[in-house]
Amino acid sequence: MRVHALPKGSVVTEKGIPWGVKHIQAPQVWNRTTGHRVKVGVIDTGVDFTHPDLRHSLERGINLLHRMALPQDDNGHGTHISGTIAAANELQGMIGVAPRALIHPIKAFDHNGTAFVSDIILGIEWCVHNQMDVVNMSFGMKTKSRSLLNAVNNAYRSGILIVASSGNDGSIGTIDYPAHYTKTIAVGATNQQSRIASFTNRSSLIDIYAPGDRIVSAWLRGKHREMSGTSMATSHVTGAIALLLSLKPGLTPGQIKSIIKRSAKPLRNSRKAPRMAGELNVKRMIKAADLL
């Protein structure tokens, strides 16, 4: 199992609200919801507990590789994902999609960004046991696994939606597992022009597209870095679900999935493929939820 990010971009000093957070119109709903106290499980490489952008958003979580240790990030990927979901440092740093959500880091990936499927399954079970509201899984693999499918379905039945990235091979007609499973939200990446990013795996199984190209977020040692990948798109969707659940706590995974798909903004080049998923738009999503 590998994290879904392309080779690292440069360390940047950009501050404020990153383009992706603005693009999905998250700031337009912050007067109604900031994701307050929604529990987000991030199964990844851990998180940088000393990062000033994240210190108000972090809970303890678990380190599945070293049970006695904090899930401290030694790769950077998990910190980047967590920043997009819930960074909250208006003055010196950046703001994520749901700045008052709570990140519970589950470290299943090593410093190379690789993990055993068995640890992913343990991570999902930890999320169910500790009653996460939504789980971010910005990684994937080519082969299916019956035990991973069972863990995903069990989370869904327990009321927990898993948001998963489609992969970065530029494949058409196939996406990676676990995004391939129907009980997840499968996410593809768009660029600043609202076009599907060239690296995205895509098929009719994709539920939603979101910004994933040249995304600036938190990085190790208090820094910020630009990264691209369906991983980055997935964290935007997870943040949006945190905003939704803070406003409407009782929504089931099925209802959330339906709201997100229904309220998506049609993509620029989707006229050729009318059944294609659209792009995440938080303002439209909240409006759709209000009609329930």
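Yes or no: the stretch 51-65 includes at least one residue that is of a type in the set (Val, Ile, Thr), closer than 18 Å to Gly83 by Cβ and either part of a loop (DSSP other than H, G, I, E, B) or more than 16 Å from the chain's Cα centre (by Cα) (or both).
The first filter runs over the stretch 51-65 and keeps only residues of a type in the set (Val, Ile, Thr), leaving 62.
Narrowing the set further to residues that are closer than 18 Å to Gly83 by Cβ leaves none.
No, the stretch 51-65 contains no residue that is of a type in the set (Val, Ile, Thr), closer than 18 Å to Gly83 by Cβ and either part of a loop (DSSP other than H, G, I, E, B) or more than 16 Å from the chain's Cα centre (by Cα) (or both).
Only one of Ala218, Ala155, Ala186 is in contact with an Asp or Glu (Cβ under 7 Å, 6 or more places away or on another chain) and within 24 Å of Leu122 (Cβ to Cβ). Can you tell me which? Explain how you work it out, then say what you get.
Numbers: Ala218 fails: within 24 Å of Leu122 (Cβ to Cβ); Ala155 fails: in contact with an Asp or Glu (Cβ under 7 Å, 6 or more places away or on another chain).
Just a single option satisfies the conditions, and that option is Ala186.
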**Fill in**
The strands (runs of 3 or more DSSP E) lying entirely within the stretch 198-292 that contain at least 3 residues which are in contact (Cβ under 8 Å) with a residue 12 or more places away in the chain and surrounded by 24 or more Cβ atoms within 10 Å (Cβ to Cβ) are 208-211, 215-218
**Asked** So which of Asp48, Asp74 is surrounded by fewer than 24 Cβ atoms within 10 Å (Cβ to Cβ) and touching an Asp or Glu at 6+ places or on another chain (Cβ under 9 Å)?
**Response** Asp74
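Could you pull out the residue among His111, His104, His80 that is in a strand (DSSP E or B) and not aliphatic (A, V, I, L, M)?
On the way: His111 fails: in a strand (DSSP E or B); His80 fails: in a strand (DSSP E or B).
When all the criteria are applied, what remains is His104.
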**Asked** When Gly41 is evaluated against the numbered criteria (1) of a type outside the set (A, V, I, L, M); (2) out of contact with any helix residue (DSSP H, G or I) (no Cβ under 6 Å at 6 or more places or on another chain); (3) not in a loop (DSSP other than H, G, I, E, B), which criterion, by number, is the only one it fails?
**Response** (2)
**Message:** Considering only residues that are without any contact (Cβ under 8 Å) to a residue 60 or more places away in the chain and not in a loop (DSSP other than H, G, I, E, B), which ones fall in the stretch 156-171?
**Reply:** Arg157, Ile162
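Taking the options Gly35, Gly20, name whichever one is over 26 Å from Gln131 (Cα atoms) and either of a type in the set (Ser, Thr, Tyr) or touching a Pro at 6+ places or on another chain (Cβ under 9 Å) (or both). Steps first, please.
Values: Gly35 fails: over 26 Å from Gln131 (Cα atoms).
None of the others qualify; the one that does is Gly20.
Just one of Thr174, Thr182 is surrounded by fewer than 17 Cβ atoms within 10 Å (Cβ to Cβ), in a loop (DSSP other than H, G, I, E, B) and modelled with pLDDT of 95 or more; which is it?
Unique residue meeting the criteria: Thr182.
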**Message:** Can you pull out every residue in the stretch 188-197 that is crowded, with 19+ Cβ neighbours inside 10 Å and either of a type in the set (Gly, Ala, Ser) or closer than 18 Å to Gly239 by Cβ (or both)?
**Reply:** Gly188, Ala189, Thr190, Ala197
**Request:** Kindly check whether there is at least one residue in the stretch 127-143 that is touching a residue at least 24 places away in the same chain (Cβ under 8 Å), part of a strand (DSSP E or B), basic (Lys, Arg) and more than 20 Å from Lys261 (Cα to Cα).
**Result:** no
**Request:** Quick one: Lys15 ticks every box in (1) touching a residue at least 12 places away in the same chain (Cβ under 8 Å); (2) within 24 Å of Val135 (Cβ to Cβ); (3) over 17 Å from the mean Cα position of the chain (by Cα) except a single one, so which number is it?
**Result:** (2)
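Kindly indicate which of Ile103, Ile160, Ile124, Ile120 is hydrophobic (A, V, I, L, M, F, W, C), within 30 Å of Gly16 (Cβ to Cβ), buried (at least 18 other Cβ atoms within 10 Å of the Cβ) and modelled with pLDDT of 95 or more. If you could, list the steps in order and put the result at the bottom.
Working: Ile160 fails: within 30 Å of Gly16 (Cβ to Cβ); Ile124 fails: within 30 Å of Gly16 (Cβ to Cβ); Ile120 fails: within 30 Å of Gly16 (Cβ to Cβ).
Matching residue, one of Ile103, Ile160, Ile124, Ile120: Ile103.
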**Positions within the stretch 130-156 being under 13 Å from the mean Cα position of the chain (by Cα) and among the hydroxyl-bearing types (Ser, Thr, Tyr), in sequence order** = Ser138
**Request:** Scan the stretch 37-79 residue by residue and report those that are touching a residue at least 12 places away in the same chain (Cβ under 8 Å) and among the hydrophobic types (A, V, I, L, M, F, W, C).
**Result:** Val38, Val40, Val42, Ile43, Val47, Phe49, Leu54, Leu58, Ile62, Leu64, Leu65, Leu70
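The values are calculated or read from the model by the stated rules, or taken from the named source; none is laboratory data. Note that the structure is a prediction, hence the values are computed from the model and not measured. Reconstructed Cβ throughout: ideal geometry from the backbone, glycine too, with neighbour counts over all protein chains shown.
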